[in-house]
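Notes follow once the structure below has been shown.
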Amino acid sequence: MNSSDLDVTIAAERRIARQFIGRFQWEMVLIGLGQFTLWLAVFVAGIQGALPLWAGFPIALVCCCFAYLPSHEAQHGNIAGKNERLKWLNELVGHVSLSNLCYPYRFAQATHMRHHAFTNDPDRDTDYHYSGPHWWHAARGVHRDPPQEILELHMNEDPVFAQDLAASLPVKKLFSLLMLICAVAWPLPTFFLWWLPSRIALSYTTVFFAWMPHHPADQQERYQLARFWRLPMVPRFAVQSMTHHAIHHLYPRIPHWSQPQALKALRPFIEAHEMRGAEILQDYR
Amino acid sequence: MDEWPKRAFALVNSWGKPVFGLVFWGSVGGAFLQEAFPDLKPMTAQAIGGSLGLAAGLIARHRQGWL
């Protein structure tokens, strides 16, 4: 069968994608709870003076950089997959993994679902303010509040969204209070093992999870919402495989760990629809 | 829809930052200053750090971000 005989309809595409959806993604439980436990251990060791701050800082930074991905999978229900009995793990990993970033899970989930629903829409995409001509725009933008007018628009349209944001407030306040207590009691460990790593990790996450995959964020057509990309000399695990984040926008319920296999199976569809950056898939491993 | 989620959200977004800046940088900034200038009194170091933090928090409040 040559390529012109291939059925590239959306129905055929979905039939293939469905095969990869639904498994229990234990890897994200390990990364999510593991990074948090390690970070906490480093923080306590730093407070007690058992670990010098210069040695603890890079470990804390790596932990914080791996904080968002497990929570992101939880936001989509991709940790439990189709296992009804394990759904509580989505909640557990989602909340715990974001703790060192001081980021409320409900807020992350509510705004991320709006990002998927309205990707690249300047008036409705909750991540649109990260887009811009330079990656620095995203690295800096994550430390600003999301545009109030977009949040208010969604709050007015959807009471559930408003409730999620309201529910995230006490969590956000609790994180801030905890950090303040720690800063008063142990100023330098809190700065080097919590505040600074979490700030850098938020920038890292926003650049590689939001800016790079969506740049230039100028189209709202299904196959052009995101692009495939890579950086010279940078292995894809260093950017947590966000090089193929575009497939996540086609099928958000495919678990992150299964995306490379799904990518191989879906490559004819990706190429048929001329998705941006698809040429990197020729030598993709 | 209730108005209180909106109001609470706006309140925390605005006044939380100056308070956080004052306390956080009062402690952290004070500790840094004392490391750099051991002769500085702890209260003086914390007051300098806290003032800078409060100023940064007020700027952040004005510009919606940066803390």
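Listed conditions (1) surrounded by fewer than 22 Cβ atoms within 10 Å (Cβ to Cβ); (2) in contact with a helix residue (DSSP H, G or I) (Cβ under 9 Å, 6 or more places away or on another chain); (3) over 19 Å from A:P252 (Cα atoms) are all met by A:P133, apart from (2). Residues that are among the aliphatic types (A, V, I, L, M), within 25 Å of the chain's Cα centre (by Cα) and either surrounded by 18 or more Cβ atoms within 10 Å (Cβ to Cβ) or at pLDDT 95 or above (or both) within the range A:172-205 comprise A:L178, A:M179, A:L193, A:L196, A:I200, A:A201, A:L202, listed in sequence order. With respect to the conditions (1) outside any helix (DSSP H, G or I); (2) buried (at least 20 other Cβ atoms within 10 Å of the Cβ); (3) in contact (Cβ under 8 Å) with a residue 60 or more places away in the chain, A:A262 lacks only one, and its number is (1).
Regarding A:L225, is this residue more than 18 Å from A:C64 (Cβ to Cβ), in contact (Cβ under 8 Å) with a residue 40 or more places away in the chain, of a type in the set (A, V, I, L, M) and not assigned by TED's automatic domain parsing to the domain that holds A:E73? It would help to see each step written out before you state the result.
Details: more than 18 Å from A:C64 (Cβ to Cβ): yes; in contact (Cβ under 8 Å) with a residue 40 or more places away in the chain: yes; of a type in the set (A, V, I, L, M): yes; not assigned by TED's automatic domain parsing to the domain that holds A:E73: yes.
Judged against the criteria, A:L225 is a match.
Take the residues in the range B:1-25 that are modelled with pLDDT under 70 and outside any helix (DSSP H, G or I); name whichever of them is farthest from the other protein chains (Cβ to nearest Cβ). Here the residue is B:D2.
The values are calculated or read from the model by the stated rules, or taken from the named source; none is laboratory data. Please read these numbers as outputs of a predicted model, since none were measured by experiment. With ideal geometry, Cβ positions are generated from the backbone for all residues, glycine too; neighbour counts draw on all protein chains shown.
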